[in-house]
Amino acid sequence: MQKPTNTVQLHLETTPSLGIAPGALVNRDSAKRNIWCPKPEIEFDSWCNPNNPKLITYKEISKAMNVLREHFPVTPLLRSRCCVQFGLEVNYKLEIFHRTGSFNERGALYTLLMLKENQRKFGVITASTGSWAMALAYYGHKLDIPVTTVLPLYTLINVVEMCKGYGATVILNGKSLAEAKNQAFIVRAESGATYLNSYDHPYAIAAAGSIGVEIMEQLPQTDAILIPVGGGGLLAGISTAVKHIKPEVLIYGIEPEKCCGFYKAMKNEHPYHIIAGRSIAGSLAISTPGHNAFHTAKPSINKMVLVNDDWISRAVLHLTEEERFVADGAGATSLSALFGLPNILPELRGKTVVCVISGGNIDTDTLPRCIERAKAVEGRIIKMTVTLPADETTEQLKIFSTIANLGCNVRQYYTEHAWLTENDFYTIYLTLTCETRDIKHACTLKRVMERLFPNMCHFLEEPFSPIPICSCFAKKLP
Amino acid sequence: MESYTVEPSTIEFDPMCDKENPQRISFEDVSAAAFRIQSGIRKTPCVKSHMSAIYGMDIYLKNDFLQHTGSFKERGARNALLLLSPEAKKCGVISASLGNHSQAMSYHANLLQIPVTVVMPNVAPIMKIQKCQSYGANVIIHGNDMKEAKYHAMMLAKERQLTYINGYDHPHIMSGQGTVGLEILEQVPDVDAVLVPVGGGGLLAGVATAIKHLNPNVLIYGVETEKCPSMKVAIKNEGPVSVEIKSTLADGLAVPTMGYNAFLTAKTIMDKLITVNEDWLARAILRLVEQEKYVVEGGGAVGVAAIMAGLVPELANKKVVCILSGGNIDTTILGRCLERGLAAEQRLVKFKVTVSDRPGGIAELCKMIASIGVSIKDIMQERAWVYGDIFSVQVKVVCETRGPEHKKELRALISNLYKEWYFAGDYDERLRRISNVTESDVA
């Protein structure tokens, strides 16, 4: 830590809470305070400078495309089997078949290839929730560049194992991505490595843009492209590429409403710091969108759409059940906007739409849970509680046989005695979770049960009275 | 149900799948089929798998679950439908099948505007019935199991002049399935071996005919599951015999009697038959979901399961193609397969331990578990069945580990700290053996 090249730098590292002297600030515009976040900047990344945002041009994207062509085959663009169900021509651009399972591989490989010799020697460092870290570790191993990854504490075990397996140094630190990032910069100050930002590095954005070029080559008649948005890198790259090739194509950015940093930034015309909630689309939980990404993408986006977690679960279920692919929450976000039809996005009816499925790294524990949540939302799993007089086994038998006769499957049930109203010693509650075919079947079940066991049943209301979607959910930008 | 075969009843008699008169298909049938069906079938990719490095061979996956109805059966169905005479096309076709074959037939018959009827037993899952109906088929529910449904279907065929098409044994079906082999040779010309799932044997017969004619050096291995060893029994008895099927993960392969035509065609040109344990099937499905991001049904994953179980050591460093024949797995079963697979790989560990019931007893246990990096998934307490000590509670913990060594670490930790503990799966390990042993209660 004691290698002071100039005293102001040492001052910055040892006493972070005092800030930088105004005299020094005048001389160094590169370390101005972020007005939204009054702490002084240890997190200074010359590639992603808030005061000097780099705009990515089509030239850089085509350069990235040429480099990547030699290493990657073109990823598949498949037509959906359920176009009739959606009422539009849905196509999926699948970025899930890479070795580490996400589109981040393009950015990782390109950035590593473009590093200068001395940067390669010191290695690279990054903070990430998973996909980017694995991609960097994989290519760092292949290109013999030392990689350090700082991951938050809640990272999945298999992500950690994969990074370690490829020889990266893994540091687990921080309760959130922002804290991990802070720690990464602290480590960088000592080791001299280059910090690579997964969504804001110009090379990463350019490499992501190559996906846009491929889409236009594979499906020239595209009308609209739906892109998941977290930090904004993918959106910036694809929108720049596509608007250059064919400006009439609509670019929609889809963001989970729990972590809508980019949407807020678009409203405020400036990258905006938010508290990112825990969403099923974990990789999209970025608190501040990238500056380069924001300024590059701003003129090219047509609409930003916010989706809620339930739709994302439904999208994951749809891809698993109908298309037989595994996508993670972030990857399925683009498809989830279509589950709000026909209330939102009515202008897409009958058009040719490409959804970018950006990654498939979903934990094998989360996938079944996501599927169940989606089924509950769609009314295919319902939960009910029946109040019964205790010890009346015939009543229980009647309940189960009624359910069986309707063709429903009981997944789980348990009885509870203790928490009852006063003086009611002889009643028990029987809680059942049942599987049905669809919402109509669930309504049938509800009607039958309420007819046969009047005043004894209580259904969990969620699938039967869903919160109506307001059409202002999709925000049009001027 | 042996009474059906005692008298040569005319209803059960299917002229195309006659036990006394089995037919063999030829290469010309397969290549003609390829030309005939090409407009309606997707030519599925055959991609190199990410798992090749782990198993020391070049594994290629033929993704036939990407067909429109989710399985390779479409090829045979379309071929058979296109080969019908014009009168037969007008009258319509009928079939008895629980799964992929009925969906494939419904879809293509609808496209070709041929009336199609499907008979399913009443144990058929509702999703499958709905799917066939959505493709425009006339679905009839009859019978308690497949035998009764099939009998009813053949009866209806005689009554209404419909053509009965057997899903795995009809020669036209087999020729259609064989087009997979032609595509494999086109896409991976220097393939060394092909692993083919075996249920009724139609795919095996078709693919073997196609490939052996063009390149006799390619090894064709049939892979089937332990719980439904119809081909193994057929080979032993020199002819297809009915096998009692137990409920299996690979429901697409659950056919009690192997096809007669298929057996005759395949038995001479097949190189080896491999039988796989069901545990490996769950692990294969898990591996395909995690690494390749494909959702494949049990019957489609048997090839990969055979490689994972180490049943093909002679294929090391060779180019092997596994046919992923279908993706129609119910999502609930998928969830359970993933858990089973994780448990079989010892990444999901379940154990019981008796801890103190005083405040802090369970907190201490959780702290210890977390300290070695194990993630707790589920924890349940039980008080009534603890012997001897009122102040103890038995806790059942389900947790996720990194692998077998990590599990050993956890086990050592628990055994050092607590007196009473029991890890589930302890006695299972001794019984886990690589297949070739019949009828066991291992799974």
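The values are calculated or read from the model by the stated rules, or taken from the named source; none is laboratory data. In this text the structure is predicted, and so the values were computed from the model without any measurement. Using ideal geometry, Cβ is built from the backbone for each residue, glycine included, and neighbour counts are taken over all protein chains shown. Side chains included, ligands, DNA and RNA excluded: accessible areas come from the protein's heavy atoms. Shrake-Rupley method; radii C 1.70, N 1.55, O 1.52, S 1.80 Å.
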Over the stretch B:276-306, the set of residues away from every other protein chain (no Cβ under 14 Å) and not in a helix (DSSP H, G or I) is B:Val276, B:Asn277
Residue check: is B:Leu273 modelled with pLDDT of 90 or more, over 14 Å from B:Gly341 (Cβ atoms) and in a loop (DSSP other than H, G, I, E, B)? no
State whether the residues of the stretch B:55-72 include one that is within 14 Å of another protein chain (Cβ to nearest Cβ), open to solvent by less than 50 Å² (accessible area, probe 1.4 Å) and free of Cβ contacts under 8 Å to residues at least 12 places away in the same chain. no
Selection from the stretch A:397-411 of residues open to solvent by 50 Å² or more (accessible area, probe 1.4 Å), in contact (Cβ under 8 Å) with a residue 12 or more places away in the chain and more than 9 Å from every other protein chain (Cβ to nearest Cβ) yields A:Lys398
From the set of residues in the stretch A:92-123 that are part of a loop (DSSP other than H, G, I, E, B) and within 14 Å of another protein chain (Cβ to nearest Cβ), which is surrounded by the most Cβ atoms within 10 Å (Cβ to Cβ)? A:Phe103
Out of all the residues in the stretch B:92-130, which are assigned to a helix (DSSP H, G or I), farther than 28 Å from A:Asn405 by Cβ and free of Cβ contacts under 8 Å to residues at least 24 places away in the same chain? none
Hey, A:Ala337 hits all of (1) surrounded by fewer than 24 Cβ atoms within 10 Å (Cβ to Cβ); (2) away from chain B (no Cβ under 14 Å); (3) aliphatic (A, V, I, L, M) but one; which does it fall short on? (1)
Would you confirm whether or not the stretch A:306-318 contains a residue that is assigned to a helix (DSSP H, G or I), under 23 Å from A:Trp47 (Cβ atoms) and aliphatic (A, V, I, L, M)? no
Considering B:Met368, B:Met380, which residue is within 15 Å of B:Ala424 (Cβ to Cβ) and either touching a helix residue (DSSP H, G or I) at 6+ places or on another chain (Cβ under 7 Å) or within 14 Å of chain A (Cβ to nearest Cβ) (or both)? B:Met380
Output for the stretch A:350-379, where each listed residue is among the aliphatic types (A, V, I, L, M) and more than 10 Å from chain B (Cβ to nearest Cβ): A:Val353, A:Val354, A:Val356, A:Ala376, A:Val377
Within the stretch B:112-128, residues crowded, with 19+ Cβ neighbours inside 10 Å, of a type in the set (A, V, I, L, M) and within 13 Å of chain A (Cβ to nearest Cβ) come out as B:Ala124
Cβ pairs under 8 Å, 6+ apart, first in the stretch A:72-83 and facing another protein chain (nearest Cβ under 9 Å), second of a type in the set (Phe, Trp, Tyr): A:Pro76/A:Phe97; A:Leu78/A:Tyr92
The stretch A:185-202 residues that are small (Gly, Ala, Ser), paired with ones that are in a loop (DSSP other than H, G, I, E, B) and crowded, with 22+ Cβ neighbours inside 10 Å (beta carbon under 8 Å, 6 or more apart): A:Ser198/A:Ser128; A:Ser198/A:Gly231
Checking the conditions here, which among B:Ala137, B:Ala109, B:Ala88 is open to solvent by less than 10 Å² (accessible area, probe 1.4 Å) and away from chain A (no Cβ under 14 Å)? B:Ala109
Residue count, the stretch A:289-305, condition out of contact with any Pro (no Cβ under 7 Å at 6 or more places or on another chain), part of a helix (DSSP H, G or I) and not aliphatic (A, V, I, L, M), comes to 4
How many residues does the stretch A:269-288 hold that are closer than 15 Å to A:Trp132 by Cβ and either part of a loop (DSSP other than H, G, I, E, B) or over 11 Å from the mean Cα position of the chain (by Cα) (or both)? 3
Wholly within the stretch A:124-213, which strands (runs of 3 or more DSSP E) include no fewer than the required count, namely at least 1 residues that are surrounded by fewer than 19 Cβ atoms within 10 Å (Cβ to Cβ), more than 14 Å from every other protein chain (Cβ to nearest Cβ) and aliphatic (A, V, I, L, M)? A:169-172
Matching residues, the stretch B:17-54, being open to solvent by 10 Å² or more (accessible area, probe 1.4 Å), in a helix (DSSP H, G or I) and more than 14 Å from chain A (Cβ to nearest Cβ): B:Phe27, B:Glu28, B:Asp29, B:Ser31, B:Ala32, B:Ala34, B:Phe35, B:Arg36
